[in-house]
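Before any comments, here is the structure.
The values are calculated or read from the model by the stated rules, or taken from the named source; none is laboratory data. Owing to the predicted nature of the structure, the values given are computational and were not obtained by experimental measurement. Counting neighbours? That spans all protein chains shown, and the Cβs are built from the backbone with ideal geometry, glycine included. With ligands, DNA and RNA removed, areas are computed over all heavy atoms of the protein, side chains included. Shrake-Rupley method; radii C 1.70, N 1.55, O 1.52, S 1.80 Å.
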Amino acid sequence: MGSARLYAAVTAGGFRRYATYRVATAAGVFTNTVFGLILVYAYLALWDERPHLGGYDQAQAVTYVWLGQALFATLAIQGGGFETELMERIRTGEVAVDLYRPADLQAWWLASDLGRALFQLLGRGVLPFVFGALFFPTALPHDPVIWLAFAVTIALAMVVSYGIRFLVALSGFWLMDGTGAVQVLMVTGMFFSGMALPLNAFPQPLGDIVTLLPWSALLQMPADVLMGRTDPLFAFAFQAGWAVVLLAVGRLVQGAATRRVVVQGG
Amino acid sequence: MWIRSTLAYRVSFVLTVVGGLLVTGLDFVAILLMFSQVDVLGGYTLPEVAFLYGLSATSFGLADLSIGSAGRLGSRVRDGTLDTLLVRPAPVLAQVAADRFALRRVARLIQGTLVLGYACVALDVAWTPVKVALVPVMLVCGGVIFSAVFVAGAAFQFVAQDASEVQAAFTYGGQTLLQYPPTVFGKELVRGVTFVLPLAFVNWVPAAHVLGRPYPLGLPEWAAFAPPLVAAACCAAAGLAWRAGLRTYRSTGS
């Protein structure tokens, strides 16, 4: 019970920390809206040429774009979240303090990152999405049950996203300099999550492969649940499966990594 | 100094450039993916879109390399370290541009040039001397126009402080916008980036002459040769904005 309260406090702290930067949040909303606009027009031209590409109609393609903009910062799809900070702490050795805390490293940063993601969803995600829904034809469900299922997929996506970035951060124990790993995170996140193009619009067999990877749990699954193209139970199982695998691997790597830590005196 | 410090770690530098090529190249991969499903986008073929893309990315790469550091200005205003630049006997803008000059940004330039090279070979265009000469003019003027946007964005940060993302919307957003044909976008948006923020003169308008395409918004023929004028006007406007911004700077006093 005590540890649940601790992690809840860490989550609240993560939320408040990002909530402090109001101007930066407003700037982020503006940027996501601008990029959403550009992408919407590009997608509309694409779907004009190939109606029902990937099984989406135009309204669904538009919805997909705005959902991507809403989740871009929330799920730190291109990185940008706790992982750069944790890598810096690993490089400088400050991670020793984290390990000394009466809390688990993985759970501590998960709690903090969930707080961040929650704020980004409310602060940066909702407004571009509402803008898109107001000014463009979108395909949104009326059934509250689907919205509820959608909320669950977002929460699961947050955990999967954390699982991926925790592994990237832990690579710092071996690589020390995180620049390369962060770049890989950017490329894979942008490409495999379907930020560039919905995964179901990828040419085959590439499309089938990327749909099986953990990144498809980030944007594609919530989008397909929202638009009623996937059975929610299947989406939950897929996302939860990847979450468990990633967290378990993270735990193993964390064990191996912490055995490596040598704290310098002084 | 910043070049020498970067080149001190040669392997790391090469790796970051290669990584940068991958990251920036991804934009074009997205376009290739789209063309794996269709033959034309907004009425433009792949070589034509690649031409627009290459012009936009290369111009942007030039601007990003020379003055992309201006994006960091907000943090200097916030923590008051801009003071250091103000007391040095050199133009502040030049110092801001040279601050943490990042040679790794050549990645974008390389990637843009590669795509442009492919486009020039693949395009089905009767190259006249005028058209050939127009390409370097577009690149230089485009670079200047994007640089002006960077400077204006930096000036805005004197007021907004931690709103560097707004600047990104215009710089990176502008570059992304110009990668697609003008026919893709709504009339209002095209009007905005032609008459308000004249990004259309980076590639859309002059490229219409090269490609023999109808001009956006039905602009007259000579508009294709306007980029130098537009670039000069952008510089003047950005210079005024920069001065105004600099005057509002109040140090943190720390």
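For the protein assembly as shown, the alpha carbon positions stretch 74, 61, 41 Å along the principal axes, listed from largest to smallest.
So what is the relative contact order for region A:2-259, in percent, with contacts set as C-alpha pairs under 8 Å and at least six apart? Value for region A:2-259: 26 percent.
With the full set of protein chains in place, find how many percent of the accessible area of region A:10-142 is carbon and sulfur; take the probe as 1.4 Å.
Values: 3480 of 5480 Å².
The value for region A:10-142 is 63 percent carbon and sulfur by accessible area.
Using helices alone, I'd like the mean residue ellipticity at 222 nm for chain B: each DSSP H run of four-plus residues gives -39500 (n - 2.57), total over residue count, nearest 500. Provide the component values of the computation, followed by the final result.
Details: 12 runs with 172 residues, N = 254.
Counting only the DSSP helices, I get -22000 deg cm²/dmol.
I'd like to know which of A:221, A:133, A:12 lies farthest towards the positive end of the charge dipole of region A:2-259, counting +1 on Cβ of Lys and Arg and -1 on Cβ of Asp and Glu. Final value for the positive-end residue is A:12.
Given a 1.4 Å probe and no ligands, DNA or RNA in the count, how much accessible surface is buried by A and B, both sides, to the nearest 100 Å²?
Looking at A and B, the buried total is near 2700 Å².
What accessible area per residue, rounded to a whole number of Å², is obtained for chain A using a probe radius of 1.4 Å? Let's see the in-between values first.
On the way: 11640 Å² over 266 residues.
Per-residue accessible area for chain A comes out at 44 Å².
Return the residues of region A:28-47 for which accessible area with all protein chains present is lower than in the chain on its own by 40 Å² or more; set the probe to 1.4 Å and exclude ligands, DNA and RNA. Listed by number, the residues meeting the 40 Å² cut-off are A:30, A:31, A:35, A:38, A:41, A:42, A:45, A:46. Shown in residue order for region B:21-32 are the 3J(HN,Hα) couplings computed by the Karplus curve 6.51 cos²θ - 1.76 cosθ + 1.60 at θ = phi - 60°: 4, 4, 5, 6, x, 4, 3, 6, 4, 4, 5, 4 Hz (x for Gly and Pro). Contact-buried residues of region A:187-214, at a threshold of 30 Å² lost accessible area versus the chain by itself: A:187, A:191, A:196, A:197, A:203 (1.4 Å probe; DNA, RNA and ligands ignored). Given R0 = 41 Å, the distance between the Cβ atoms of residue A:98 and residue B:10 translates into a calculated FRET efficiency of 0.75.
With θ taken as phi - 60° and the Karplus curve 6.51 cos²θ - 1.76 cosθ + 1.60 applied, the whole-hertz 3J(HN,Hα) list for region B:141-153 is 5, x, x, 5, 4, 4, 4, 4, 5, 4, 5, 4, x Hz, x standing for glycine and proline.
Need one value for B:184-192: mean number of C-beta atoms belonging to other chains within 10 Å of its residues' C-beta atoms. List each step's numbers first, then the result.
On the way: counts 9, 7, 4, 0, 0, 3, 1, 0, 0.
Per residue, the number of nearby Cβ atoms from other chains is 3 on average.
Going by accessible surface with a 1.4 Å probe and the largest first, B:88, A:259 read A:259, B:88.
At most 12 other Cβ atoms within 10 Å and a DSSP loop assignment: could you name the chymotrypsin sites (Phe, Trp or Tyr not before Pro) in region B:1-61 that fit? Write down the numbers at each step before the final one.
Details: sites: B:2, B:9, B:13, B:28, B:35, B:44, B:51, B:53, B:60; in loops: B:9.
Within region B:1-61, the qualifying chymotrypsin sites (Phe, Trp or Tyr not before Pro) (loop, at most 12 other Cβ atoms within 10 Å) are B:9.
I need the Debye-formula profile for region A:2-259: one equal scatterer per C-alpha, no solvent, reported as log10 I(q)/I(0) at q = 0.07, 0.11, 0.14 1/Å, two decimals. Debye curve over Cα of region A:2-259, log10 I(q)/I(0) at q = 0.07, 0.11, 0.14 Å⁻¹: -0.24, -0.60, -0.96. Using the Cβ of residue B:34 as centre and a radius below 14 Å, the other residues enclosed give a net charge of -4, where K and R count +1 and D and E count -1.
Can you send over the carbon and sulfur percentage of the accessible area for region B:77-225, probe radius 1.4 Å, protein chains only? Mind dumping the intermediate values first?
Values: 4310 of 6310 Å².
Carbon-and-sulfur percentage of accessible area, whole number: 68.
What region B:159-254 shows is 46 Å² of accessible area per residue, with the surface traced by a 1.4 Å probe over protein heavy atoms.
Pairs of Cα atoms under 8 Å, at least six residues apart: use those to get the relative contact order of chain B, whole percent.
Working: 335 pairs, mean separation 71.2, N = 254.
Relative contact order of chain B: 28 percent.
Here the Karplus curve 6.51 cos²θ - 1.76 cosθ + 1.60, taken at θ = phi - 60°, turns the phi angles of region B:176-193 into couplings of 4, 4, 6, 5, 9, x, x, 5, 6, 9, x, 4, 4, 5, 4, 4, x, 8 Hz, with x standing for Gly and Pro.
Summing Lys and Arg as +1 and Asp and Glu as -1 over all other residues whose Cβ lies under 13 Å from the Cβ of residue A:153 gives a net charge of -1. All other residues with a Cβ under 15 Å from the Cβ of residue A:47 taken together, and with Lys, Arg as +1 and Asp, Glu as -1, what is their net charge? Taking every other residue near residue A:47 into account, the sum is -3. Computed across region A:114-266, the Kirkwood hydrodynamic radius from all distinct Cα-Cα pairs reaches 17.2 Å.
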